[in-house]
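Report on the structure given below.
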Amino acid sequence: MSALFWGVAGVLAGRVGRRWLGRLPRGVLVRAGWCEAAVACAWAVTALREPPWWWMPLSLLVGWGAVLLGACDLRVRRLPDVLTLPAYPAVAVLVGLAAAHRPGVVLGSVAGLALFGGTYLLVRLVVPAAMGGGDVKLAGALGMAVGAVSVQSAVAVMVAAAVLTLVAALARRTRAVPHGPAMLLPSWLVTLSGP
């Protein structure tokens, strides 16, 4: 019953998100049904995992954000600030909620932010062509979320993202592949495991 409820809620959240993407200043049009189905699946899977109530909102948020940001990056090769920047306070609030039940998540979240965000920023500064600014902005917020699980999870997500991007580049025989989806999918999977 819970998975069905969250699946239906995911359809609605996906629809709201898809419409919001289309109304952005440099709108991103996504065919009807794609965001709805993806968010519904992500939210139903989250419910099936039966995380503690105080952790579930973070996993739901990362799943919703992964679908919307992944759609943006795949469609127009952009991770808009209007999505990446508000992720910081949203994740911080949800990590704070989790910290009331598991205080250690705050330290992990801060370490994840520094490690994931710092590594991506360093790569961007040293080799600007290797990473987009949106990837750097997204990395910090994702680092906060996965770092709340564990600092090792942040490292694992960075490695997985690099490998997935490399595989996509080899499959498409081009270096110009969006990196956002490769960051987002493993981040969401990590949040499913909880702290």
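Here the convex hull built on the C-alpha positions of region 55-121 has a volume of 78 cubic angstrom per residue.
Between residue 16 and residue 173, the contour length at 0.36 nm per residue exceeds the Cα-Cα span by 53.0 nm.
Rounded, prolate or oblate, given the Cα gyration tensor of region 118-170, with a/c below 1.5 counting as rounded? In terms of gyration-tensor shape, oblate. Charge dipole of region 77-195 (Cα centre as origin; +1 on each Lys and Arg Cβ, -1 on each Asp and Glu Cβ, all else neutral): 360 debye, rounded to the nearest 20. I need the Debye-formula profile for the chain: one equal scatterer per C-alpha, no solvent, reported as log10 I(q)/I(0) at q = 0.08, 0.09, 0.10, 0.11 1/Å, two decimals. Values returned for q = 0.08, 0.09, 0.10, 0.11 Å⁻¹ are -0.24, -0.30, -0.38, -0.46. Taking every C-alpha pair closer than 8 Å and separated by at least 6 residues, the mean separation divided by the residue count of region 1-97 gives a relative contact order of 29 percent. The dipole here belongs to region 1-95: it is taken about the Cα centre, uses +1 on the Cβ of Lys and Arg and -1 on the Cβ of Asp and Glu, and is about 440 debye.
Taking the protein heavy atoms of region 30-125 in the context of the full set of protein chains, the accessible area attributed to carbon and sulfur is 72 percent at 1.4 Å. Solvent-accessible surface of region 33-77, taken per residue with a 1.4 Å probe and all protein chains present: 45 Å². When the helices of the chain are scored as -39500 (n - 2.57) per DSSP H run of n ≥ 4 and the total is divided over every residue, the value at 222 nm lands at -25000 deg cm²/dmol.
The values are calculated or read from the model by the stated rules, or taken from the named source; none is laboratory data. The structure displayed is predicted, hence computed values, not measured ones. Don't worry about glycine lacking a Cβ; one is built from the backbone with ideal geometry, like all the others, and counts go over all protein chains shown. The area values use the complete protein model at the heavy-atom level, side chains included, leaving out ligands, DNA and RNA. Shrake-Rupley method; radii C 1.70, N 1.55, O 1.52, S 1.80 Å.
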